[in-house]
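Worksheet: the structure to be examined is printed underneath.
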């Protein structure tokens with residue numbers, strides 16, 4: 001473990017407590033007001049340092065340590081929201097400049113913040129922790145609850161897929177409740193441009209990339225016995241993709257499997273990049289165009305919910321100052 005991280009955060013922040021925290025400490029049993037660990041707590045000091053947890057968190061009565069922890073988290077939230085300087089951090093926390101400076105300096109030392117010209121930004125430690133958090137939260141596990149909700153709401157077949165080269169790789173599937181069977185399965189691959197779920201992962205690409213993937217799809221399907229019911233020309237495909245890109249959804253209008261239609265939407269990660277997509281699929285009798293239009297916001301809602309669990313945030317509209 002990095003030696004700079006070995007002192008726990010509660011000890012680093014102890015001097016930053018305000019008057020109310022001092023009053024709480026004064027009301028504590030003798031010896032507690034010093035902010036030092038009591039003798040019975042020393043035996044676990046090594047464990048505290050190993051896991052990097054504030055020792056104060058392990059003492060239920062340590063209100064001062066909890067208050068400091070919450071202040072540190074508030075600073076990180078403020079930095080994530082665009083706060084950059086000490087005065088603004090102090091305004092968020094309601095603390096004096098000296099207290100704010102000690103808190104921010106401790107976070108810089110611990111690499112949760114980094115100081116740059118003009119102020120402070122989120123630090124590399126958060127990247128490390130975020131990477132670990134994503135590794136501990138696989139996409140299929142995060143998405144499963146939302147896929148089940150979509151399946152219950154629609155009674156149709158639900159797919160979750162990721163991009164693998166020029167193909168979509170299905171990583172989860174919930175069969176529909178209408179007695180229909182589709183050839184898709186977990187581990188199955190299909191050309192991106194021939195499926196609704198694949199096209200949803202193409203929404204952020206350029207028109208030239210759309211055309212290239214469309215041609216790759218046609219080449220891939222040319223060698224199989226199955227023929228789609230609707231063979232698109234490149235220009236029609238590009239026009240549809242432009243419409244889909246503007247709307248944040250895609251349709252599969254029997255371009256992959258005869259009589260099968262689907263509505264799909266992209267899943268994004270914390271960076272905003274499309275990392276997966278989900279779809280609702282059924283046969284034409286259950287998927288007239290009117291119902292497909294109705295399903296767009298339903299599918300998008302669950303895709304957004306998965307994206308938010310992966311760290312994505314809904315873009316906020318920007319405001320521009322108008323010159324007078």
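The values are calculated or read from the model by the stated rules, or taken from the named source; none is laboratory data. Note that the structure is a prediction, hence the values are computed from the model and not measured. Methodologically, a virtual Cβ is constructed for each residue, glycine included, from the backbone with ideal geometry; neighbour enumeration extends over all protein chains shown.
Restricting 266, 285 to those that are without any contact (Cβ under 8 Å) to a residue 12 or more places away in the chain, in the same structural domain as residue 172 (by TED's automatic domain parsing) and not in a loop (DSSP other than H, G, I, E, B) reduces the list to 285. Return the pairs, sorted by first residue and then second, in which the second residue is assigned to a loop (DSSP other than H, G, I, E, B) and crowded, with 17+ Cβ neighbours inside 10 Å, the first residue lies in segment 92-119 and is without any contact (Cβ under 8 Å) to a residue 12 or more places away in the chain, the beta carbons are less than 7 Å apart, and the residues are 6+ apart or on different chains. Correct list of pairs: 114/123. For residue 255, the conditions (1) modelled with pLDDT of 95 or more; (2) crowded, with 20+ Cβ neighbours inside 10 Å all hold with the exception of (1). Can you tell me which residue within segment 187-198, out of those that are in contact with a helix residue (DSSP H, G or I) (Cβ under 7 Å, 6 or more places away or on another chain) and in a helix (DSSP H, G or I), is nearest to residue 250 (Cα to Cα)? In this case the residue turns out to be 198.
Does residue 302 meet the test of being part of a helix (DSSP H, G or I), exposed (fewer than 15 other Cβ atoms within 10 Å of the Cβ) and modelled with pLDDT of 95 or more? Taking the combined requirement at face value, the residue does not satisfy it. Taken over segment 173-197, the criterion of being crowded, with 18+ Cβ neighbours inside 10 Å and either free of Cβ contacts under 8 Å to residues at least 12 places away in the same chain or within 23 Å of residue 273 (Cα to Cα) (or both) is satisfied by 173, 190, 191, 192, 193, 194, 195, 196, 197.
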